[in-house]
1. Just one of C:LEU118, C:LEU173, C:LEU113 is under 30 Å from A:LYS58 (Cα atoms), at pLDDT below 90, surrounded by 14 or more Cβ atoms within 10 Å (Cβ to Cβ) and within 14 Å of chain A (Cβ to nearest Cβ); which is it?
2. Being within 14 Å of chain C (Cβ to nearest Cβ), buried (at least 22 other Cβ atoms within 10 Å of the Cβ) and in a loop (DSSP other than H, G, I, E, B) narrows it down to one residue among A:GLY238, A:GLY227, A:GLY275, A:GLY258; which is it?
3. Looking only at segment B:82-94, which residues are without any contact (Cβ under 8 Å) to a residue 60 or more places away in the chain and exposed (fewer than 15 other Cβ atoms within 10 Å of the Cβ)?
4. Where in segment B:10-116 are there strands (runs of 3 or more DSSP E), lying fully within it, with 2 or more residues that are polar (S, T, N, Q) and away from chain A (no Cβ under 12 Å)?
5. Any idea which residue in segment A:203-217 is farthest from the chain's Cα centre (by Cα), counting only those that are in a helix (DSSP H, G or I), surrounded by fewer than 21 Cβ atoms within 10 Å (Cβ to Cβ) and facing another protein chain (nearest Cβ under 7 Å)?
6. With (1) closer than 30 Å to A:PHE155 by Cβ; (2) touching a Ser or Thr at 6+ places or on another chain (Cβ under 6 Å) as the list, and B:ASP53 as the residue in question, which single condition is left unmet?
7. Counting only residues that are surrounded by fewer than 18 Cβ atoms within 10 Å (Cβ to Cβ) and part of a strand (DSSP E or B), how many does segment C:93-110 have?
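The values are calculated or read from the model by the stated rules, or taken from the named source; none is laboratory data. Every value quoted in this text rests on a predicted model; they were computed, and no experiment measured them. Neighbour counts are summed over all protein chains in view; Cβ atoms, including those assigned to glycine, are modelled from backbone coordinates with ideal geometry.
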Amino acid sequence: MSAAGELAGLSAAPGTTVRAVNDPFHGDLLEVSMGPHHPSTHGVFRMMVTLDGETVVKLKPVFGYLHRNHEKLGENTTYLGSMPYTDRLDYLNSMTNNWAYALAVEKLSGQPVPERAEYLRIILAELTRLLNHTCLAGFLLQDTGCSGTPLMYAFREREHILDLFEALSGSRMMCNYQRFGGCRVDPTPGWLAAAARLVDGYGRFLDEYEALITGNEILMARTQGVGVLQPDLAVNAGATGPMLRACGVDYDLRKVDGYGFYPRFEFRVPLGDHGDTYDRYMIRVLEMRESIRILQQALRDLPAGPIIDAKAKNRGLRPKAGEAYGRIEGPKGEIGFYLISDGGPNPYRYRVRPPSFINLTVLEDMCLGQTVADAVVILGSVDIVLGEVDR
Amino acid sequence: MLGSGLLQGLAVTAKNLAGSFHDPARYVTTEYPEQRTKLPENYRNFPFLVHDDPADPNGTLRCVACQICEKECPPQCIYIVMERDEKGKALRRPKVFDLDISVCISCQICVEVCPFDAIKMDQEYEIATRNRFGGLLLHREDLSKSNAYYHQIHPTEAAGVDAALAEQKAKQAAAKAAKAAPAPKAAATTATPATAATAQDSAISPAPAAPPPASAPDTPANPAPANPPPDA
Amino acid sequence: METPGQIRDRILARFSGAEVTVVTNPGPAAQHSLLVGAAHATAIATFLRDDPVLQLDTCSNVTGVDWPGREIVETVRQPLAPEEDADPAAPPGVIEEKIKRLVPGSLEVVYHLYSVALKHGPVILRLRTADRAANVTLPSLTPVWRACEFQEREVFDLYGVKFTGHPDLRRILMWDEFQHHPMRKDYVEPDDYEWEPTPHDAVLTKARRHYPAPPAAPEEESTP
């Protein structure tokens, strides 16, 4: 923490105004480095926050503390070898990362996917969405200062989903489940029954969680009208996922692209009205309810058949020269993979489009004029995972 | 009414507090290490090598040192040197099979690419060691575990593998028999080097007593798992 | 949605003198792209964003690609002038000449544009620098799409493309004092090495360069 003496540079920053405040600290801006070792920043994220009293007048995110050049690793590994690394991007949602990567490679190499595998992918992606949003609801409450209780309730439920993932793929978080042209393990009937039980009981957990939180006056006071994001800015700045839909922009890749078998499913896309932090929380709760509907339909209609295409090529895959961009609606937003092949066993270029990294573009715009305690809550509502932000 | 949301929330916490005394769904803590939950069958941690005969754990490894897993391993944590006799002839088994589990990411790709079902995923997770350098670098002797152990940790998968191997063996035997029928002399000549090789095998490898796997079968099984895994 | 060819024709009709070519993607994905000259890039991007038919209001993904200069060998066949006393029925001789040609390298930035309003896309824009060393300047599209802000910083950081008109062009993932651009194909990783017990030959060779003999492994501590 250091008192910034160079005010001239600060007031010239675009979009910021240094307001004259009628108090003894007038003119003394405080530059605070929040993070990278700060419990509120969800990992090793760092924000250089300039404060006028308690009000944020400038906020610059600083990245790279978890940078490991994932994309270079992808260029030096075979197509299959990158699959376990995608687990480690957004380590809460390895199933959707796997799917996005598998989708991009399938586009690149033109491989079909059997019907049962598509259903399994939808089941696992929606379970992942439940998991991610449950965690987010817990973390967000933790960020508002509601220590422990809601987060522990959320983690208790998340654990049941992780148990399912472990029973299916062998690992709780690093699932490495999808393959090009299908999936790796066929679930047993026992697993499917357990998943159906979990899905049927999840609504009850949500009811209870909402009784705990949603109507809470303190939460409303802390989040309503805080960190408002304008829809045009959100679209222009590439915000995706719940961040975008909380501003009332109807854009869900499950509907727009209709990848997988999503067009066969009946679900609604919840939209927010105000684009504030409370809306971003509510969007997630509502999306979880829609996910439960999708899961019930998918588990009911899961067809029999192979889980991987008979001609699927994973090991030693050498796609023809070309390029492909595949994207899906991950729990945090649009996760995409852009691959360029030169016909070799490794991708010539392997690019990840990380949703939470790009969603952070508008962090400063949302935080300006808010208090520093609100900045923590706003960051929590963006829903970042540093494994993906820094790659 | 202002405050009703708060009261409603407090009612939920009260319900959870009371429920934690009688409702297993609300009290989910497992008091490790006294209590252990049963691991799901598919659980994977680090790889091990399967051998067929517990009396000769290094001589009967299924691994033929083809190095496919070494090439495919994403973090490159496997290192294999094939054993050769004095004339430099490949003996189709590993002299060195090192696996650095401080690098391994437990992705199971080695298991998927292995055409001989020689490498499988272990379920041993209490592997903390005080020696960072040597303790996490596993050698052939540490990795070699019996087929019976494999059956114990992944029963369904192991049964499938055994069936496939038996079928393969029967096919090979049938092919050999078909080949041998018109030319019995040729079959006899091919048979001799094979027996010689096995004799040599046992002569070369003195079968050092492999340390019994830490997760020995006699590890007390969890008496009553608090949370039956979904697969159970 | 319009095909890349139609978009190119409309851009050319609108901006005389603009360089726009369609880059065909031979793969099964068939996502073709538009290679746009740097001079008109910002104007074209603004046109694509504001055009009522396209309304490409968001830039989803910005990628840097490195194409190093490479030497290609072309075989040129030239008919040999027939000798006078040769048999006219014989086929004319052919001389084969191998010509080495240097294809200059470039850095490329790929923009994936989508329309949130009309729910279509992608339209893929590519910009190329003149070479990989001195002329690595491209116009920034951040004034058109804010989504490019961090991603163009990333391309600058990892590839070294200098974006003019970017509001805050600094390194983003690597630290400020870092000298190189690690995603370039010719990047050589620094030769710093800490001994570790990985048994690979490559790693061991590297280790021997740094240490005459690997340090002795710390002795096993006794269990308390």
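1. C:LEU173
2. A:GLY238
3. Residues satisfying the conditions are B:ARG84, B:GLU86, B:LYS87, B:GLY88, B:LYS89, B:ALA90, B:ARG92.
4. On the way: elements: B:47-51, B:78-84, B:90-100.
Passing ranges: none, list empty.
5. A:GLU217
6. B:ASP53 satisfies every listed condition except (1).
7. The qualifying residues number 10.
Residue-wise test of (1) touching a Lys or Arg at 6+ places or on another chain (Cβ under 9 Å); (2) closer than 11 Å to A:VAL389 by Cβ.
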{"site": "A:GLY35", "(1), (2)": "yes, no"}
{"site": "A:PRO39", "(1), (2)": "no, no"}
{"site": "A:GLY43", "(1), (2)": "no, yes"}
{"site": "A:MET48", "(1), (2)": "yes, no"}
{"site": "A:ASP52", "(1), (2)": "yes, no"}
{"site": "A:LYS58", "(1), (2)": "no, no"}
{"site": "A:PRO61", "(1), (2)": "yes, yes"}
{"site": "A:GLY64", "(1), (2)": "yes, yes"}
{"site": "A:HIS67", "(1), (2)": "yes, yes"}
